[in-house]
Amino acid sequence: MPLEAVDLKPNIGAELKVTAGMLAEGGLAQEIRDLLVQRGVLIARDVHLTEDQQRAFTRSLGDLRLGSVRKEGEEGLMKVTMDKKVNPEYAEFFPGTFFWHMDGTYDPAPPFATVLTPRVLSAEGGQTEFANTYAAYDALPKDEKAYLETLQVVHTMQAAMFPAVPDAPLEQVQKWFTYPERIHPLVWRHKSGRKSLALSTSASHVVGLHPADSRALLDRLIAHTTQPQFVYRHDWRMGDVLIWDNTGTIHRVRPYDASSGRELHRFTLNGEEPIAA
Ligand SMILES: [Fe+2]
């Protein structure tokens, strides 16, 4: 049976018409991968995947991520929460997720995709937003594209975390510095031949530019990329499953009550290609 899907917005997102069983048994994996890199974000409603089904579905799409710098979760399961009792390691990095970012820019090949399901939701807020970095690149003027393709960007964990936790104690800052610094091209030419903007809060500075010019350029590109026409905002409902292409989108969570117990479960796939010019 072919995959049934409906676009959510012209530049981003599609809703799949599937059941938990259809996802977990893996028969649609190739079609889902192909659609994912075209649409950036795929969702399905009322699916109610069990943990085992979510893991099996993720595995059908690629190479399950168990962590690089540090181990991520239990057999690939990462509990996304601000609650230090549930996931102390992750909770410390949570504040960074309120800012637009790509996951894992400290790896040469950032994670390909993530599969997310809600287990506890907040009464208000907590929407997750995604911006399509392919569409944002495509919309730039030709001359600017040519210039941006010449630039390299230094990515660091401290650049991603410092704005989110400006008063972090020394031990926390020291942990940020255990993540490697990476230089990635600003424009990512994927193996497919398509190009996207490799943006993230982890972008510390552009190599060779004055710091003020570098900051202005990166801020402007984030503002360009996160215009409404490139963004899909997901309002979570129990039973949802959401898959995002981490290599062709940036994402952030909107504020919510820290005492709500909000908890999402994620499984992630290892990267398949380095950010290359
Ligand atoms: Fe993230």
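The values are calculated or read from the model by the stated rules, or taken from the named source; none is laboratory data. These numbers come from a predicted model, not from an experiment. Note that each Cβ is placed from the backbone with ideal geometry, even for glycine, and that neighbours are counted across all protein chains shown. Side chains are part of the model used for accessible areas, which takes the heavy atoms of the whole protein and leaves out ligands, DNA and RNA. Shrake-Rupley method; radii C 1.70, N 1.55, O 1.52, S 1.80 Å.
Taking a ≥ b ≥ c as the square roots of the eigenvalues of the alpha carbon gyration tensor, the stretch 120-277 is oblate, as a/c is not under 1.5 and a/b does not beat b/c.
Count the net charge of all other residues whose Cβ sits under 12 Å from the Cβ of Leu16, scoring Lys and Arg as +1 and Asp and Glu as -1. Let's see the in-between values first.
Working: positive: Lys17, Arg39, Arg45; negative: Glu4, Asp7, Glu15, Glu31, Asp46, Asp240.
My count for the surroundings of Leu16 gives -3.
Residues whose amide H lies under 5 Å from that of Arg65, counting only those 5 or more places away or on a different chain, are Thr268, Leu269, Asn270; hydrogens are built 1.01 Å from N in the peptide plane. As an equivalent ellipsoid, the chain spans semi-axes of 28, 23, 17 angstrom, where each value is the square root of five times an eigenvalue of the C-alpha gyration tensor, largest first.
What is the antiparallel percent of DSSP beta bridges lying wholly in the chain, to the nearest 5? Walk me through the numbers on the way to the answer.
On the way: 44 of 46 bridges.
Counting only bridges with both partners in the chain, antiparallel ones make up about 95 percent.
Taking amide H as placed 1.01 Å from N in the peptide plane, the amide H of Val187 sits under 5 Å from that of Leu151, Ala198, each at least 5 places away or on another chain.
At 1.4 Å probe size, with every protein chain present, just tell me what the per residue accessible area of the stretch 1-140 comes to in Å². It would help to have the intermediate numbers written out before the result.
Details: 5970 Å² over 140 residues.
Here the residues of the stretch 1-140 average 43 Å² of exposed surface.
Of the residues Ala20, Ala198, Ala135, the one that moves most in a GNM of the chain with alpha-carbon contacts below 10 Å is Ala20. Mean-square fluctuations from a GNM of the chain, with a 10 angstrom spring cutoff on Cα atoms, peak among Val165, Val231, Val153 at Val165.
Share of the chain's accessible area from carbon and sulfur, percent, 1.4 Å? Walk me through the numbers before you get to the answer.
Values: 6590 of 12210 Å².
Here carbon and sulfur together make up 54 percent of the probe-accessible area.
Count the lysine pairs in the stretch 1-123 whose Cα atoms lie under 21 Å apart, taking only pairs 8 or more positions apart in sequence or on different chains. Write out the running numbers ahead of the final one.
Numbers: Lys9/Lys17; Lys71/Lys79; Lys71/Lys84; Lys71/Lys85.
Qualifying lysine pairs in the stretch 1-123: 4.
Ordered by solvent-accessible area of protein heavy atoms (1.4 Å probe), largest first, the residues Thr19, Thr97 come out as Thr19, Thr97. Residues whose amide H lies under 5 Å from that of His205, counting only those 5 or more places away or on a different chain, are Val154; hydrogens are built 1.01 Å from N in the peptide plane.
Grab the DSSP H runs of the chain that are 4 residues or longer, score each as -39,500 (n - 2.57), total them, divide by all residues and round the 222 nm result to the nearest 500 deg cm²/dmol.
Helix contribution divided over all residues of the chain: -7000 deg cm²/dmol.
Net charge near Thr105, counting Lys/Arg +1 and Asp/Glu -1 over other residues with Cβ under 12 Å of its Cβ? Can you show the working numbers first?
Values: positive: Arg182; negative: Asp103, Asp107, Glu181.
Result for the neighbourhood of Thr105: -2.
Residues in the stretch 162-174 carry Karplus couplings, in order, of 4, x, 7, 10, x, 9, 4, x, 3, 4, 5, 4, 4 Hz; the curve used is 6.51 cos²θ - 1.76 cosθ + 1.60 with θ = phi - 60°, and Gly or Pro positions show x. Take the chain, connect every pair of alpha-carbon atoms lying under 10 Å apart with a spring to form a Gaussian network, then pick out the residue of Leu151, Leu186, Leu42 with the largest mean-square fluctuation. Residue with maximal mean-square fluctuation among Leu151, Leu186, Leu42: Leu151. Partner aspartates and glutamates whose Cα lies under 13 Å from the Cα of Lys175, excluding those fewer than 8 positions away in the same chain, are identified as Glu89, Glu92. Here the Karplus curve 6.51 cos²θ - 1.76 cosθ + 1.60, taken at θ = phi - 60°, turns the phi angles of the stretch 146-159 into couplings of 4, 5, 4, 5, 8, 9, 10, 10, 8, 10, 9, 5, 5, 5 Hz, with x standing for Gly and Pro. Within a straight-line Cα-Cα reach of under 19 Å, Lys145 can be paired with the following aspartates and glutamates, leaving aside sequence neighbours fewer than 8 residues apart in one chain: Asp213, Asp219.
Rounded if a/c is under 1.5, else prolate if a/b beats b/c, else oblate: with a ≥ b ≥ c from the C-alpha gyration tensor eigenvalues square-rooted, which is the stretch 1-155?
Working: a/c = 1.64, a/b = 1.14, b/c = 1.43.
Judged from the Cα gyration tensor, the stretch 1-155 comes out oblate (a/c at least 1.5, b/c at or above a/b).
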